[in-house]
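Q: Just passing along the structure, written as structure tokens.
The values are calculated or read from the model by the stated rules, or taken from the named source; none is laboratory data. Quantities reported herein were computed from a predicted structural model and do not represent experimental measurements. Please note: Cβ atoms are built from the backbone with ideal geometry, for glycine as well, and neighbour counts cover all protein chains shown.
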Amino acid sequence: MSIETTEPLSKQKKIREPFLSAKNRKLVKDPLNDNNPITVQVLGICSALAVTVKVKPSLVMALAVIVVCAFSNLVVSLIRNAIPSRIRIIVQLTIVATLVILVDQVLKAYVYDVSKQLSVFVGLIITNCIIMGRLEAFAMGNKPWPAFLDGVGNGLGYGVILILVSAVRELFGNGTLMGYQVVPDAMYKAGYFNNGLAILPPMALIVVGILIWIQRSRNRKLIESD
Amino acid sequence: MKPLRRFLDNIKPSFEKGGKLEKFYPAFNAIETFLYVPGDTTLPGSVHVRDAIDLKRTMILVLLAMMPCLFFGMWNAGYQHYLSIGVAGTTLFDNLLFGATKVVPIVIVSYVAGLSVEFLFAIIRKHQVNEGYLVTGSLIPLVMPVDVPLWMVAVATIFAVVIGKEVFGGTGMNILNPALTARAFLFFAYPTKMSGDEVWINTSLAKGQQLVDGFSGATPLGNAAAGFADKIPDFSDSFFGFIPGSIGETSTLACLIGAAILLYTGIGSWRIMLSVFIGGFLMALIFNLIGANTLMQIDPAHQLVLGGFAFGAVFMATDPVTAAQTNKGKFIYGFLIGLLAIMIRVFNPAYPEGMMMAILFMNVMAPLIDHYVIEANIKRRMKRKKISNE
């Protein structure tokens, strides 16, 4: 049996795939739209609710997740044949945790205030369903380069939603974007108020819900038949 | 009425299939069926029993039941305003007129904003305009403070209709009461304009006027939550509604007139209304026996006539879509609303008005209650079957 499986693998190696072939590009593009981890798979919701009050922390959070997701996919894919199947979750967790600690230290060193705002949520990337899901579903069965791209793609898909949600919440909740005032003073004088609900966590759920709504009405394929 | 009918018949072809304005058929249909009972007959092969009263006629009756609250609310807005600036001896008409200038714009904004959204969805989704908004559009102004900015009413209305109703599929499919969704949205989004002591009474001053000494614009419940036992109005004032509060909620008497209309016509559920009051009374009684703070010390019967308790019980809790559907479920649903409303009032000084939260919470729980009522019924009957088999 082992001979049978190794043969096609050795044949595949002979065909050299271009670095950004159509298949590989699809790995990055898909999570941004039809297979988005948040709006389609509904994973990673917890941090999407918690860190999206303002754009800046969610931007940093998105970057952190992209880095962790891409490199953990890469590392796990590199050693995927050496990991005993029974303890694979522990091995994966160790790799993710190591990367998260690295990211956390970098954040503390260079963007201390944002790292303070994100508090436990950087540490909680370890338990982010998106990362564990990609490791199990993709990295364990694919070669390093596609796995890396898949990690980048899913991290980006997560990041895009995070930034969209946080932009809506910061704009309506604080009248600012990235900390700069967007809503003019004249509007406040005319009786405009910041929306306090936008700062509360339920608004993140509502905005994610609206995004899912928009995506599904644009792409009918995503609607389940009942 | 003849010319109106003729006019509708004249413009009808351009809205029908192949006409120039085919897209806007739902809008035309809504206006036509609102004005006239539709002439359609049941297709052969389907159900033949038809009630003379359809959804639009039902909604009109609910609107009628709300009129006492609306007019009292207008009068009270004027009364409270003149009271706050110390003008004595204003006539009924003065008060009503002043109130109308404040309340009518809110009603108009609520209807325009809500109906625009409804018509938009009807045209996009190609279905008829839902009748439900006729009632929601009047309920929203009644649960707003007099001084709420009009743009906030518009934003809240749009939010409530889209997020509270349309995402679930429109009238009859919503989980939360849309009018209370609008209020809850404003309550959390703009707390400075929805609570506190500045919004319940209009204190705009003309030249040479000033507020009376010792004026406080807080609602009785707000005062009680702050611990001012002496500022709680006596029972009859609270019952008739000469107190500050949201536009339609202050007068328990007006709510009871509405309740009578709803019960007589069979539209409102007496099970829900009764059990809300029983739940509220029992909870208030228990707290009264403990009596640890000002809110607890309020007489149980007095609790029921303060704030939006009566209004919520009559018009909000009985909403047939969001309430429990089974008869036993209705008792449980109502009882828990009353219980929770008083509990939230007493335990959470930040929300002295617990009725809104209690109803919204029980709206979410209503399907669960129904589920268990039905399950219990199935179990009971299965048991009976087993016994008779033996």
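Q: For the condition within 26 Å of A:Asp34 (Cα to Cα), within 14 Å of chain B (Cβ to nearest Cβ) and surrounded by fewer than 19 Cβ atoms within 10 Å (Cβ to Cβ), what is the one hit in A:Leu171, A:Leu222, A:Leu200, A:Leu205? Outline the logic, then answer.
A: Working: A:Leu171 fails: within 26 Å of A:Asp34 (Cα to Cα); A:Leu222 fails: within 14 Å of chain B (Cβ to nearest Cβ); A:Leu200 fails: within 26 Å of A:Asp34 (Cα to Cα).
Of the residues listed, the single one that is within 26 Å of A:Asp34 (Cα to Cα), within 14 Å of chain B (Cβ to nearest Cβ) and surrounded by fewer than 19 Cβ atoms within 10 Å (Cβ to Cβ) is A:Leu205.
Q: Within segment A:174-196, restricting attention to residues that are closer than 30 Å to A:Ile131 by Cα and hydrophobic (A, V, I, L, M, F, W, C), which residue is farthest from the other protein chains (Cβ to nearest Cβ)? Give the derivation first.
A: Start the filter on segment A:174-196 by keeping residues that are closer than 30 Å to A:Ile131 by Cα, which leaves A:177-179.
Now drop any that are not hydrophobic (A, V, I, L, M, F, W, C), which leaves A:177-178.
Details: A:Leu177: 19, A:Met178: 22 Å.
The selected residue is A:Met178.
Q: Turning to a different aspect of this structure: B:Asp230 versus (1) within 22 Å of B:Ala301 (Cβ to Cβ); (2) loosely packed, with under 13 Cβ neighbours inside 10 Å; (3) at pLDDT 75 or above: which is the lone unmet condition?
A: Result: B:Asp230 fails condition (3) only.
Q: Ok, one more. Find the helices (runs of 4 or more DSSP H) located wholly in segment B:264-322 whose residues include 3 or more that are surrounded by fewer than 17 Cβ atoms within 10 Å (Cβ to Cβ) and either of a type in the set (A, V, I, L, M, F, W, C) or outside the structural domain of B:Gly172 (by TED's automatic domain parsing) (or both), and list them. Outline the logic, then answer.
A: Details: elements: B:270-290, B:294-297, B:300-305.
It comes to B:270-290.
Q: So the check is Cβ under 6 Å with 6+ separation or different chains; which pairs have a first residue in segment A:83-99 that's closer than 13 Å to A:Asn73 by Cα and a second one that's among the aromatic types (Phe, Trp, Tyr) and surrounded by 13 or more Cβ atoms within 10 Å (Cβ to Cβ)?
A: If the second residue must be among the aromatic types (Phe, Trp, Tyr) and surrounded by 13 or more Cβ atoms within 10 Å (Cβ to Cβ), the pairs left are A:Leu99/A:Phe71.
Q: Could you list, in sequence order, the residues of segment B:91-127 that are outside any helix (DSSP H, G or I) and crowded, with 16+ Cβ neighbours inside 10 Å?
A: Of all residues in segment B:91-127, those outside any helix (DSSP H, G or I) come to B:91, B:126-127.
The answer is none; no residue qualifies.
Q: Inside segment B:163-182, can you point out the residues that are away from chain A (no Cβ under 12 Å) and either outside any helix (DSSP H, G or I) or not hydrophobic (A, V, I, L, M, F, W, C) (or both)?
A: Matches in segment B:163-182: B:Lys165, B:Gly169, B:Gly170, B:Thr171, B:Gly172, B:Met173, B:Asn174, B:Ile175, B:Leu176, B:Asn177, B:Pro178.
Q: Sticking with this one: Condition test on B:Ala156, is it at pLDDT 90 or above, buried (at least 24 other Cβ atoms within 10 Å of the Cβ) and within 14 Å of chain A (Cβ to nearest Cβ)? Give the steps one after another, and end with the answer.
A: Numbers: at pLDDT 90 or above: yes; buried (at least 24 other Cβ atoms within 10 Å of the Cβ): yes; within 14 Å of chain A (Cβ to nearest Cβ): yes.
Yes: the conditions hold for B:Ala156.
Q: Just a yes or no: is a residue in segment B:338-358 over 30 Å from B:Ala218 (Cα atoms), in a helix (DSSP H, G or I) and at pLDDT 90 or above? Walk me through how you get there before you give the answer.
A: First, the residues of segment B:338-358 that are over 30 Å from B:Ala218 (Cα atoms): none.
The answer is no, given that none of the residues of segment B:338-358 is over 30 Å from B:Ala218 (Cα atoms), in a helix (DSSP H, G or I) and at pLDDT 90 or above.
Q: So which of A:Ile161, A:Ile210 ends up being within 14 Å of chain B (Cβ to nearest Cβ) and closer than 15 Å to A:Val42 by Cβ?
A: Values: A:Ile161 fails: within 14 Å of chain B (Cβ to nearest Cβ).
Exactly one residue qualifies, and that residue is A:Ile210.
Q: Considering only segment B:85-111, state which residues are of a type outside the set (A, V, I, L, M) and at pLDDT below 90. Talk me through it step by step, then tell me what you get.
A: Within segment B:85-111, the subset of a type outside the set (A, V, I, L, M) is B:86, B:89-91, B:93-95, B:98-99, B:101-102, B:105, B:110-111.
Matches in segment B:85-111: B:Gly86, B:Gly89, B:Thr90, B:Thr91, B:Phe93, B:Asp94, B:Asn95, B:Phe98, B:Gly99, B:Thr101, B:Lys102.
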